[in-house]
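Visitor: Here it is, the structure in full.
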Amino acid sequence: MKKWIYIGIGAIVVVVAIIIFGLSNLGPIIKRAVNSYGPEITKTELHVNDVGVSIFSGEAKIKQFFLGNPAGFKTPNAMKVGSVLVNVDEKSLTSNTIVIDRIEVIAPEITYEKKGQIDNFNTILKNITKTSSSGKDATKEPEKQGTEKKLIIRDFIVKQGKVNLELSVYGIGDKQISATLPDIHLKDIGKNKNGASPAEAFREVFAALYGKITSPAVTDVLNKELSSMGINLDSLGQDAIKKLGDTIGKEKGLDDIGKKVKGMFGN
């Protein structure tokens with residue numbers, strides 16, 4: 001009897017050791033994947049500082065996620081997130097389709113920048129779409145044609161986000177105006193096709209994010225703030241900035257700026 005008890009205890013110890021070893025390697029795997037593949041997908045700077053893993057909950061915490069802006073935009077970043085929680089089905093890590101039970105993006109700080117008829121997030125989304133539709137996914141192994149890691153994300157959540165508009169980049173003061181980002185909850189990303197490439201999954205997530213950023217829930221709030229200066233989101237572009245710079249001295253206040261912008265756009 002004691003012999004079987006010892007065997008049972010030994011088996012449990014081995015299983016626990018394997019789980020702990022696997023979880024201890026999960027952090028570096030996620031960090032390497034984000035920092036290596038992310039910039040190839042977005043065509044911008046993208047990195048995380050660290051990934052911590054709890055061996056008790058099996059949850060990874062991505063710390064200090066940073067998404068830079070495309071070339072030509074003035075703000076220092078498009079999005080910063082203090083923490084992203086990730087639950088991965090560890091058994092799937094060695095397969096070609098990695099199953100992520102949950103990704104929770106908490107309190108993202110989004111900087112929205114308009115430049116004529118385009119904006120920073122639309123530009124990044126176009127980059128992601130081009131990457132995902134080209135078939136040249138950064139995670140594909142060149143030496144193994146047809147072999148690539150795919151993802152299924154059961155729950156993707158964004159909550160407590162904020163969208164900021166920096167007025168200083170348009171030459172109209174140092175004021176920042178903000179709006180609350182509506183929460184996002186996507187389910188079963190990649191499930192219908194037995195796994196999506198990282199670029200395809202990122203495109204679906206980013207398209208949903210962009211939809212919320214440009215939704216009336218956000219733009220109406222920003223426009224309400226801008227209207228007090230005689231400006232709206234559509235008028236924030238390079239031509240408007242140039243005209244502002246040519247016609248308005250640095251000593252002018254925001255009230256005078258608003259009047260001139262109204263005149264320029266016929267408002």
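Read the figures in this text as sums done on the coordinates, not as results from a lab. Bear in mind that the values here come from a model prediction, so they are computed numbers and not experimental data. Cβ coordinates were reconstructed from backbone atoms using ideal geometry, including for glycine residues, and neighbour counts include every protein chain displayed.
Visitor: Taking 8 Å as the Cα distance limit and 6 or more residues as the minimum spacing, I'd like the relative contact order of the range 144-213 as a percentage.
Guide: On the way: 100 pairs, mean separation 26.3, N = 70.
After rounding, I find 38 percent.
Visitor: A further question on this structure: Taking the beta-carbon count within 10 Å as an exposure proxy, list Arg154, Arg203 from fewest neighbours to most. Present the calculation step by step, with values, prior to reporting the outcome.
Guide: Numbers: Arg154 17, Arg203 22.
Least crowded to most crowded, the residues run Arg154, Arg203.
Visitor: Using amide H atoms built 1.01 Å from N in the peptide plane, name the residues 5+ places from Met79, or on other chains, whose amide H lies under 5 Å from its own.
Guide: Residues meeting the criterion, in which the H sits 1.01 Å from N, are Leu67, Thr111.
Visitor: Read phi for every residue in the range 165-170 and hand back ³J(HN,Hα) as whole Hz from Karplus 6.51 cos²θ - 1.76 cosθ + 1.60, θ = phi - 60°, with x for Gly and Pro.
Guide: Running phi through 6.51 cos²θ - 1.76 cosθ + 1.60 with θ = phi - 60° gives 10, 8, 6, 4, 6, 9 Hz.
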